[in-house]
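The values are calculated or read from the model by the stated rules, or taken from the named source; none is laboratory data. Nothing here was measured: the structure is a model prediction, and the numbers come from that model. In this analysis, Cβ positions are derived from the backbone assuming ideal geometry, glycine residues included, and neighbour counts consider all displayed protein chains.
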Amino acid sequence: MKIFNGGNTIFHKKYLPFAVKGLAFSVLSYFGVKYAARTIVKVAVNKPIKHIITDKYSENIMDFFNSTKRSGPQVIVETNLRSEEGKVVHRPFGSPKEFTHLSDLLFNIAQLHTLPTPNNIAVDTKVTLGPKAKKPLVIDIPIIVSGMAYGIALSEQTKVAIALGTARVGTATNTGEGAFSEKERKAAKKLIIQYNRAKWNKTADILKQADMIEIQLGQGAIAGLGHFTPAKDISIKLKNKLGLAPEEDAVIPARMKGVSSEKDLKKLVDYLREITEGVPIGIKMGAGKHLEKDMSIAVSAGVDVITLDGAQAASHGSPMIIQDEFGLPTLFAVSRASKYLAHNNLKNSVSLIISGGLLTPGDFLKVLALGADAVSIGTVALFAVAHLENLKALPFEPPGEILWETGQFKNKFNIKKGAHSLEKFLRSCKLELEDGVRALGKTKISDVNKEDLFTTEPRISAITGIDLAY
């Protein structure tokens, strides 16, 4: 007898006993496997648990967890890296140390005393850097991508993607202290060329392509240390661009050749201003204890822009002791630098760019309110440009392997997708900054200032001069 007819399948009554037996076997197998699995897990788990709760501490695995909690997993890992390598260990992406930063600063809310700005009123986010220069650098948003070196850090693909992304929102990117890339220059709308401490990128034909020059004397994550990239990590193409012999390392000295005094620095500034026919000449420094003295020398030398890297700044790789224990945190740096410029009536002639640990539109707006003309971002720009591209490296390799010149996945990086991701990130930040300006009852980002901030922390008030909430 047919019991079921489903299309071409016919089930006969004679097959029912086999079906019942099969079902019974499946049920018994399920419970048998489940019981066996529970038994195996019980045995596997109970034995180590017994050791943990009965062994004396000197023989107990919990001693490892105790020491980890006391020292922290990062200290243990880095101790072992030092023990393994026997040399200076370089950490990418900056220090994990928590410095006094921006989270305790809060913005005012425009309500009745000051009315908020309606949404249909446009907000001006343009910034002019080096206003006294013959050819000031005008950008549509106060966010620049900081100097990250082609070849010494990032691949050319990554640099081109960053240049394209910044061009589409009308802002600038920075070459960093690596090789000059014609592809990056072509992709960028506004390009800041670093005049570094090494021997490359010094020719007139390169310098004349700059929309701004940045004399690089140091940075937050590496201070003023000299450093080098081994010859084995440099491709033939890159060696030719850097002017290196086949076995020559790419060396960046601690000091700029020919600059050991204020007079020497002024000669360099004047030379660069002449050869570039009037673009802004800036200087890049890590912020330190004698910040105002450093700024005074730079101002006397005639610079148009000062870029300060706070202690939270990152790099492709630098000594952990420098990242963790050296330099002035960004909040202190921007507060002191803007105070110095205001006290010396320089606010309208020398532009201030701040970088170091700035990750969100809120961070950007706070630093601008504290007196910066623009912010420079590195780590978060790499997060944005990598976006979904870093899945090509994950989960077995860190995401940086898609970005670095020496990264094993660099040739899989899609320039168009990376540029599009960075563009959308920067557009999103611009829209949030505009909302922030409207919420303050203003229409220009350049009008945001310290009076728009308050804090709940007396220490932050003492550092910044900002009103206490109470």
| Across the range 227-278, what is the number of residues that are more than 30 Å from Glu405 (Cα to Cα) and not acidic (Asp, Glu)? | 14
| task | Kindly indicate whether any position in the range 41-52 is surrounded by 11 or more Cβ atoms within 10 Å (Cβ to Cβ), in a loop (DSSP other than H, G, I, E, B) and not hydrophobic (A, V, I, L, M, F, W, C). | result | no
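Each row is one residue, and each column tells you yes or no for (1) among the β-branched types (Val, Ile, Thr); (2) at pLDDT below 70.
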position	(1), (2)
Lys2	no, yes
Leu28	no, yes
Tyr35	no, no
Tyr57	no, no
Met62	no, no
Val75	yes, no
Pro92	no, no
Gln111	no, no
| Top-ranked residue in the range 413-448 [being outside any helix (DSSP H, G or I) and more than 25 Å from the chain's Cα centre (by Cα); ranked as nearest to Asn120 (Cα to Cα)] | Thr443
| request: Kindly provide the set of residues from the range 408-455 that are within 30 Å of Asp104 (Cβ to Cβ) and among the polar types (S, T, N, Q), ordered by number. | output: Ser428, Thr443, Ser446, Asn449, Thr455
| message | Looking at Val123, Val160, can you tell me which residue is of a type in the set (A, V, I, L, M), at pLDDT 95 or above and more than 30 Å from Glu451 (Cβ to Cβ)? | response | Val160
| query | Taking the range 215-242 on its own, how many of its residues are among the hydrophobic types (A, V, I, L, M, F, W, C), modelled with pLDDT under 90 and in a loop (DSSP other than H, G, I, E, B)? | reply | 4
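Just checking: which of the helices (runs of 4 or more DSSP H) contained wholly in the range 57-168 hold 2 or more residues that are exposed (fewer than 12 other Cβ atoms within 10 Å of the Cβ)? Walk me through it before giving the result.
Numbers: elements: 62-71, 73-85, 156-168.
Of the helices (runs of 4 or more DSSP H) lying wholly inside the range 57-168, those with at least 2 residues that are exposed (fewer than 12 other Cβ atoms within 10 Å of the Cβ) span 62-71, 73-85.
For (1) within 15 Å of Phe364 (Cβ to Cβ); (2) in contact (Cβ under 8 Å) with a residue 40 or more places away in the chain; (3) not assigned by TED's automatic domain parsing to the domain that holds Pro118, each residue gets a yes or a no:
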site: Glu423; (1), (2), (3): no, yes, no
site: Arg438; (1), (2), (3): no, yes, no
site: Ser446; (1), (2), (3): yes, yes, no
site: Tyr470; (1), (2), (3): no, no, yes
| request: Filter the range 405-437 down to the residues that are surrounded by 19 or more Cβ atoms within 10 Å (Cβ to Cβ) and out of contact with any helix residue (DSSP H, G or I) (no Cβ under 7 Å at 6 or more places or on another chain), then identify the one that is farthest from Ser235 (Cα to Cα). | output: Glu434
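Count, please, the residues in the range 215-234 that happen to be among the aliphatic types (A, V, I, L, M) and either surrounded by fewer than 22 Cβ atoms within 10 Å (Cβ to Cβ) or in contact with a Pro (Cβ under 7 Å, 6 or more places away or on another chain) (or both).
Here is the first cut: in the range 215-234, the ones among the aliphatic types (A, V, I, L, M) are 215, 217, 221-223, 225, 231, 234.
Right, trim to either surrounded by fewer than 22 Cβ atoms within 10 Å (Cβ to Cβ) or in contact with a Pro (Cβ under 7 Å, 6 or more places away or on another chain) (or both) and you get 217, 223, 225, 231.
Matching residues across the range 215-234 total 4.
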| Within the range 160-188, how many residues are touching a residue at least 24 places away in the same chain (Cβ under 8 Å) and either hydrophobic (A, V, I, L, M, F, W, C) or farther than 18 Å from Val380 by Cβ (or both)? | 19
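Any idea which of Leu388, Leu358 is under 13 Å from the mean Cα position of the chain (by Cα) and either in a helix (DSSP H, G or I) or surrounded by 24 or more Cβ atoms within 10 Å (Cβ to Cβ) (or both)?
Numbers: Leu388 fails: under 13 Å from the mean Cα position of the chain (by Cα).
That would be Leu358, the only listed residue that is under 13 Å from the mean Cα position of the chain (by Cα) and either in a helix (DSSP H, G or I) or surrounded by 24 or more Cβ atoms within 10 Å (Cβ to Cβ) (or both).
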| note | Taking the range 198-214 and keeping residues of a type outside the set (D, E, K, R), part of a loop (DSSP other than H, G, I, E, B) and either touching a Pro at 6+ places or on another chain (Cβ under 8 Å) or farther than 21 Å from Ser315 by Cβ (or both) leaves Ala198, Thr203, Gln209, Ala210
| message | Going residue by residue through the range 307-316, is there one that turns out to be in contact with a His (Cβ under 9 Å, 6 or more places away or on another chain), farther than 29 Å from Val269 by Cα and not polar (S, T, N, Q)? | response | no
| message | Just to be sure I understand the filter: pairs with C-beta atoms under 6 Å, separated by 6 or more residues or on different chains, first member in the range 352-363 and assigned by TED's automatic domain parsing to the domain that holds Asp294, second member among the acidic types (Asp, Glu). Which pairs pass? | response | Leu352/Asp373; Ser355/Asp309; Gly356/Asp309; Pro361/Glu432
| field | Of the criteria (1) in a loop (DSSP other than H, G, I, E, B); (2) among the aliphatic types (A, V, I, L, M); (3) farther than 24 Å from Gly218 by Cβ, which one Leu346 fails | value | (3)
| field | Hey, Gly176 under 29 Å from Ala369 (Cβ atoms), more than 17 Å from the chain's Cα centre (by Cα) and small (Gly, Ala, Ser) or not | value | no
| query | What's the number of the condition Ala462 fails, among (1) over 15 Å from Asp140 (Cα atoms); (2) surrounded by 21 or more Cβ atoms within 10 Å (Cβ to Cβ)? | reply | (2)
| request: Return yes or no: is Lys232 among the basic types (Lys, Arg) and either farther than 30 Å from Glu423 by Cα or more than 20 Å from the chain's Cα centre (by Cα) (or both)? | output: yes
